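Step one of this worksheet: look at the structure below.
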Amino acid sequence: MEKVKNRWLIALSAVGIHLSIGSVYAWSNFTQPLTEQYGWSDSQVQLTFSLAILFLGLSAAFMGHFVEKYGPKAAGLVAAAFFGVGVAGSGVAVIMESLTLLYFFYGALGGIGLGVGYIAPVSTLVKWFPDRRGLATGLAIMGFGFAAAIASPIMDALIQSTGIANTFFILGISYFMIMLLSSLYLEKPPKGWLPEGFNEKASTSKMKVNEDLAQLTANEAVKTKRFYFLWLMLFINVTCGIAVISAMKPLAIESVGLTAGAAAALVGVLGIANGLGRIGWAAVSDYIGRPNTYTTFFVLQIPIFFFLPSITHQVVYAVMVVIVYACYGGGFASVPAYIGDIFGTKQLGAIHGYILTAWSAAGLAGPMFAAWMKDTTGSYAASLNFFSGLFILALIISILTRLDIKKIKKEKESKEKLVS
């Protein structure tokens, strides 16, 4: 009989991959050094980050079938190769002072590694944890958010001590090794496998099992209104959050006068908030429901983005951006479970990949808009009020989503009554 792997070690392997690729969230550590040393504009430097997120979303959408066909181990190894070469190759681009090469290595190759590495552990962990859907998605995506807390101070120290190019070389090799080792343990559970005691808990009502709204294929899902509602909500949440993330270090220096070292430390702390928000909101959503969770994200962030440009107190400023980071991370962690709730698990991975194209679009729109505002007005803060308006739109969409779900539930109940 084949020995079944430990699902908690599978989870640890998934976290190892996400801790590596999630370092993309600490990109703002490179913004100021690159603009100062090579004279590139903020918009030119931020395009590197935006391209990485663009290719992340596109590769996640189009490589989902690869993950299913060849398994998470092969997908993880492919991700390790692309991301490792992408980051290390960025060092070559810096030495050659070529923005084009930086876009190619970090943006395109690194972005493909991000996308493949992102979806492989998520789809795998959902299968290993049928009894804990919220926890599984939180675990799978938590490491991605925590990564900046680890990477930010390391990047800052390496840039100061070894230079920008050598920092890329060291990080590229390190991430490749971590992802390689993590991928080797990844594996799908055996067909028909269930956790010990799963059936007993379900039958004795010790475990709450929510009935999904429907069981749709990916092609069926994209024909529904709620697919586009969910896409737009994720797009807005990511656009606003990622704009702040991509420029957090210079934004903190500009807004409340933090030193470069203190701003780098804040980026690290916010990485923790991002990670905790992912597992925390995912767990909370199991109790209050995904629609309530998303509505809460927008209600919290509307006033924060409106008042943030006028905040000068460092502690108040830090608390507000901590909430933004937590909601940003929570949006990602809640999406897979939200998809399962309203579309079922028949093709959850494929639908998740399609939804993540919102991340691609947001990764391009948010940082580039914030950088354009900085180049145009001389301040990143000028874009924040605009983002507050976007959150008002997202709140309206979240209400429309709830109404659509309520309508479908009523129709479903009516059909069941007619059958019975």
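Before moving on, here are some points about what is shown:
- Taking all Cα-Cα distances within region 276-317, those exceeding 11 Å account for 70%.
- Dimensionless Rg over Rh [the chain; C-alpha; Kirkwood]: 0.98
- Once the convex hull of all Cα atoms in region 221-363 is built, its volume per residue stands at 101 Å³.
- Efficiency of FRET from Cβ geometry, MET177 and LYS3, R₀ 25 Å, rounded to 0.05: 0.45
- In the full protein context, region 225-357 carries 31 Å² of accessible surface per residue, based on a 1.4 Å probe and ignoring ligands, DNA and RNA.
- Distance between the pseudo-spin-label points of LEU400 and SER41 (7 Å out from Cα toward the beta carbon): 3.4 nm.
- Computed over the chain, the per-residue total of -39500 (n - 2.57) for DSSP H runs of n ≥ 4 gives a 222 nm mean residue ellipticity of -27000 deg cm²/dmol, rounded to 500.
- Sites GLU220 and SER161, calculated FRET efficiency, Cβ-Cβ separation with R0 45 Å, nearest 0.05: 0.25
- Put a dot 7 Å past the Cα of MET96, heading toward its Cβ, do the same for GLU413, and the two dots end up 6.3 nm apart.
- Put a dot 7 Å past the Cα of THR259, heading toward its Cβ, do the same for ILE288, and the two dots end up 3.9 nm apart.
- Remark: for residue pairs LYS188/LYS415; LYS223/LYS415; LYS223/LYS410; LYS69/LYS249; LYS127/LYS417, the C-alpha separation exceeds 31 Å in LYS188/LYS415; LYS69/LYS249; LYS127/LYS417.
- Principal axis extents of the Cα atoms in region 128-191, from largest to smallest and rounded to whole angstrom, are 49, 23, 10.
- For region 98-104, 3J(HN,Hα) per residue [Karplus equation, 6.51 cos²θ - 1.76 cosθ + 1.60, θ = phi - 60°, Hz, x = Gly/Pro]: 10, 5, 4, 5, 5, 4, 5
- For TYR228, TYR118, TYR103, TYR354, the ranking by accessible surface with the largest value first comes to TYR228, TYR354, TYR103, TYR118, using a 1.4 Å probe.
- For region 326-374 and region 44-87, distance of Cα centres in Å: 15
- The tail of the calculated P(r) for region 281-357 beyond 21 Å holds 39 percent of all Cα-Cα pairs.
- Surface composition of the chain: carbon plus sulfur atoms hold 67% of the accessible area, using a 1.4 angstrom probe and ignoring ligands, DNA and RNA.
- Highest average packing first - 181-192, 165-176, Cβ atoms within 10 Å: 165-176, 181-192
- Orientation-averaged projected area, Cα convex hull of region 282-420 (nm²): 10.2
- Normalised size of region 356-400, defined as Cα radius of gyration per 2.2 N^0.38 Å with N residues, equals 1.32.
- Spatial offset of region 126-165 relative to region 393-420 amounts to 36 Å, using the alpha carbon center of each.
- Given their separation in residues at 0.36 nm each and the Cα-Cα distance between them, LYS69 and GLU196 gain 43.0 nm when the chain is fully extended.
- For the set LYS407, LYS223, LYS5, the ranking by accessible area, highest first and with no ligand, DNA or RNA atoms included, is LYS223, LYS407, LYS5 under a 1.4 Å probe.
- Averaging 1/r over each pair of different alpha-carbon atoms in region 1-96 and inverting the result gives 15.7 Å, the Kirkwood hydrodynamic radius.
The values are calculated or read from the model by the stated rules, or taken from the named source; none is laboratory data. It should be emphasised that the depicted structure is a prediction, and the values quoted were computed from it without experimental measurement. We place every Cβ from the backbone using ideal geometry, glycine too, and count neighbours over all the protein chains shown. Calculation scope for accessible area: heavy atoms of the full protein, side chains included, ligands and nucleic acids excluded. Shrake-Rupley method; radii C 1.70, N 1.55, O 1.52, S 1.80 Å.
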